[in-house]
Amino acid sequence: MDDRWNLLQNQPFSRLNARERAYAICNPESFTELLGPRLKLTSPHLPPMGQTPQFDDGVVVGLGTVGKAPAVVVSQESKFLGGGVGEAHGTKMVMAIRLALRGQEILESRSKSSESRGRVAVVISFDTGGVRLQEANAGLLAHSEVMDAFQAARGKVPIIGIVGGTVGCFGGMGFVAASVDVLIMSDVGRLGLTGPGVIEEVVGTEEFDAANRALVWRTTGGRHRFITRDADFIVEDTMKAFREKVAEVASWPIEKIASKRIIGTGEMVLEQMRLVDLAANDRIQDSWDLWRQFGNEDIEYLWDSNVSEFEANARRWPRGRVGDND
Amino acid sequence: MINFVGRGRDAIDYIVDEGSFEENLCGGETLDPEWAESAVVGSATLSGETVTVIANDAGIANPRFRMVYAGLMGLEEGFKMAHAVYLTIKADKDKPLAEKRPIILVVDTPGMSPGKVEEIIGIYKSTGAYQLASAEARRAGHPIVAMVVGRAISGGFLCHGLQADRILALSDEFGTMVHVMPLVGIARVTKINIMLLEELSEGNPVFASGVSHFYNLGGVDEIIESVADMRPRVKAQIDEIRRLKAAGEYDKVGPWSRLMSGIKRGGRKTSEKVIELMEEEFNLALSSWLGGEDDGFTP
């Protein structure tokens, strides 16, 4: 047996590094890294600025198997420049999705029946503040390339997102995470566009007190995102919990996976606009105001309960579409 | 010299047939004129052909969301723009490729609204929805041309501009600004000396502000030197996009084509290496990943 893999499964996901996460999200001994540290491809832009580059440019990309599906895995490393997306990092992400599509085309070209062929999935573990400022322009462009690749993958290759790292997912990567098919978060994970510190700095402490950790987590944390259905699942902060959920989702038919999307069609835009309406004219001041509107009465209990109790008892945004209240 | 910064709505008439813009008319539907008014959407003609126009008016605030002002785009604005794109796709659903109406983006935005309510609801969905809508329209055959007339900044540019087939930008003399963050901001956040950053930015387009840096990276397809050139160049780009799409060359328009231009222009050498090496490594790992031709994929 693969001892390293077994050891990692019981570790907190949030404490693992990007490579451990990529390795352990796949079936034992199935992960092969592409353009790994061995090739020493580093950012040439950082040394002149006095920054030490890293051999993977802060993102691990590779091929593996998740449950029964061949998978392309992307895992961001927040300990390197906050997981910021630079030129190489961004291009690695874009290529990962394009190569997943190519893998799927190869499978489809084979004569086997579609059942025995399997279907390629993309798994992305986000742990990033968005654009890496040292390479800001290239990082920005990479975001647009990733979004385009996502659209190209629609209906062909499912994209499963994970937010469970210590930085979470902010900046431009926030809307990339919103554009996946299925999003899995933990209590540790946070998802947003503008980070709390930036809101405080630009608008003021009265708008957002970034030092108030409870406020930060109930505004952008996994529980709130689960209530608004931006996150499809909330899991415990263990490697095993994430891996099992990813493997389960990857085994679904592609239509079921696509039904979990929150944006990406005209109908979903209209649906989201109804959620936006609830917040207009300063009607809500806090995420918990929204929780109450969805029928959650004992909010303190929900907040303090463990993940499975929370998942079982939380009343989520009704979303208004048939079949989405499961 | 004329300057369109903060005047996205005024710029529309310089790009489409003068006086042809009908606000809030989108693919045959009429939108509520009081809804997110700074997100200016509607229909116009260009050389007589119907086009969808999406612009941003920095002079109008949103009374329902106080963080939407001075051109900042909020929750409603992004969703309204996305809605306009989906109405456009729907209106031409049954038309042949050559008749899919163009979408013209008039770009002047300083970015997305930074606010607490925006985060609670999830403004990333609004920006994301608009990008996915644009990517879908582009892939469905609609020619999309972005004309940067003022500020094209960070997340604002990503959702309103960077999903276009082609991006044109007025040159720097028109006050055009293209960046993620000005150098002083980058220096402050990264704690890198501003003098060093200024010096490095002269030889490297990867982080500094400006239309020409984005041109070298491929992020701007064409720099426009005069206001009078906007209309004919937008039209010429639409024709070129149609020609490429008719030939099925979808990788020669949109974000991927700009990455390729950046490589050609020498601004994205690292990306070029990444693409080459990942292709190589993928091909080497392919048979152990998917199994051989005969045995199929067996987990």
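The values are calculated or read from the model by the stated rules, or taken from the named source; none is laboratory data. Computed from a predicted structure; not experimentally measured. Methodologically, a virtual Cβ is constructed for each residue, glycine included, from the backbone with ideal geometry; neighbour enumeration extends over all protein chains shown. Side chains included, ligands, DNA and RNA excluded: accessible areas come from the protein's heavy atoms. Shrake-Rupley method; radii C 1.70, N 1.55, O 1.52, S 1.80 Å.
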Nearest-0.05 FRET efficiency for A:Lys240 and A:Thr166 at R0 = 22 Å, using Cβ-Cβ distance, is 0.75
Which distance in nm do the two modelled labels at A:Gln293 and B:Ala236 give, with both placed 7 Å along the Cα-to-Cβ direction?
-> 5.0 nm
Ordering B:Arg188, A:Arg119 from largest to smallest accessible area (1.4 angstrom probe), what's the sequence?
-> B:Arg188, A:Arg119
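Can you pull out the buried accessible area for chains B and A, both sides counted, probe 1.4 Å, rounded to the nearest 100 Å²? Let's see the in-between values first.
Numbers: alone 14730 and 15430 Å², together 22090 Å².
Rounded to the nearest hundred, the buried surface is 8100 Å².
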Candidate residues B:Val180, B:Val189: accessible-area rank, largest first, probe 1.4 Å = B:Val189, B:Val180
Report, ordered by chain and residue number, the aspartates and glutamates lying within cross-link reach of B:Lys273, taken as a straight Cα distance under 18 Å and ignoring same-chain residues fewer than 8 apart.
-> A:Glu33, A:Asp56, A:Asp57, A:Glu87, A:Glu135, A:Glu145, B:Glu281
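Rank these residues by their accessible area, most exposed first, probe 1.4 Å: B:Glu280, A:Glu207, A:Glu20.
Numbers: B:Glu280 100, A:Glu207 25, A:Glu20 55 Å².
Putting B:Glu280, A:Glu207, A:Glu20 in descending order of accessible area: B:Glu280, A:Glu20, A:Glu207.
Carbon and sulfur: what percent of the protein assembly as shown's accessible surface (1.4 Å probe)?
On the way: 11090 of 22090 Å².
Here carbon and sulfur together make up 50 percent of the probe-accessible area.
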If we count every other residue with Cβ under 14 angstrom of B:Glu37's Cβ, Lys/Arg +1 and Asp/Glu -1, where does the sum land?
-> -3
Residue list for region B:212-232, given a label point 7 angstrom along the Cα-to-Cβ vector of B:Ile2 and an amide N cut-off under 18 Å = B:223-232
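Using only the Cα atoms of the protein assembly as shown, build the gyration tensor, take square roots of its eigenvalues as a ≥ b ≥ c, and label the shape rounded, prolate or oblate: rounded if a/c is under 1.5, else prolate if a/b is larger than b/c, else oblate. Kindly include the intermediate steps, with their values, before the conclusion.
Details: a/c = 1.38, a/b = 1.22, b/c = 1.13.
It comes out rounded by the Cα gyration axes.
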Kindly list the residues of region B:211-237 that lie in the label zone of B:Asp13, defined by a backbone N under 19 Å from the point 7 Å along the Cα-to-C-beta vector.
-> B:227-232
Highest GNM mean-square fluctuation, chain B, Cα pairs closer than 10 Å: which of B:Ile167, B:Ile120, B:Ile54?
-> B:Ile120
Quick one: what are the phi-derived ³J(HN,Hα) couplings along region A:62-71, Karplus 6.51/-1.76/1.60 with θ = phi - 60°, whole Hz, x for glycine and proline?
-> x, 10, x, 10, 10, x, 9, 9, x, 9
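Between beta-carbons, use under 14 Å as the cut-off and find the net charge around A:Gly195, counting Lys and Arg +1, Asp and Glu -1.
Working: positive: A:Arg190, A:Arg213, B:Lys116; negative: A:Asp127, A:Glu200, A:Glu201, A:Glu207, A:Asp209, B:Glu118, B:Glu119.
Residues near A:Gly195 contribute -4 overall.
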Report ³J(HN,Hα) in whole Hz for each residue of region B:65-74, in order, from the Karplus equation J = 6.51 cos²θ - 1.76 cosθ + 1.60 where θ = phi - 60°; Gly and Pro get x.
-> 9, 6, 7, 9, 7, 6, x, 4, 9, x
Could you provide, to the nearest whole Å², the per residue accessible area of region B:8-267 with probe 1.4 Å?
-> 33 Å²
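According to the square roots a ≥ b ≥ c of the eigenvalues of the Cα gyration tensor, what is the shape class of region A:72-228, taking rounded for a/c under 1.5, prolate for a/b larger than b/c otherwise, and oblate for the remainder?
On the way: a/c = 2.89, a/b = 1.82, b/c = 1.59.
It is prolate, given that a/c is not under 1.5 and a/b is the larger ratio.
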So how much accessible area does A:Thr194 have, in Å² to the nearest 10, using a 1.4 Å probe?
-> 20 Å²
Which ³J(HN,Hα) values in Hz, rounded to whole numbers, follow from the phi angles of region B:90-97 under the Karplus curve 6.51 cos²θ - 1.76 cosθ + 1.60, where θ = phi - 60° and Gly and Pro get x?
-> 5, 4, 10, 3, 9, 8, x, 3
When the label point is put 7 Å from the Cα of B:Leu196 along its Cα-to-beta-carbon vector, which residues of region A:77-106 have a backbone N closer than 18 Å?
-> A:81-82
In nm, to one decimal, how far is the A:Glu207 label point from the A:Glu309 one, both placed 7 Å along Cα→Cβ?
-> 3.7 nm
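So, counting K/R as plus one and D/E as minus one, what does the shell of residues with Cβ under 14 Å around A:Gly155 add up to?
+2
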GNM result for chain B, Cα springs below 10 Å: residue of B:Asp165, B:Asp221, B:Asp251 fluctuating most strongly = B:Asp251
Near B:Lys235, which lysines are there with a Cα under 21 Å away, not counting those fewer than 8 places off in the same chain?
-> B:Lys95, B:Lys100, B:Lys245, B:Lys252
Counting partner chain Cβ atoms within 10 Å of every residue's Cβ in A:185-197, what's the average?
-> 3
Which shape class, rounded, prolate or oblate, goes with region A:212-257 when its Cα gyration tensor gives a ≥ b ≥ c as root eigenvalues, a/c under 1.5 marks rounded, and past that a/b bigger than b/c marks prolate?
-> oblate
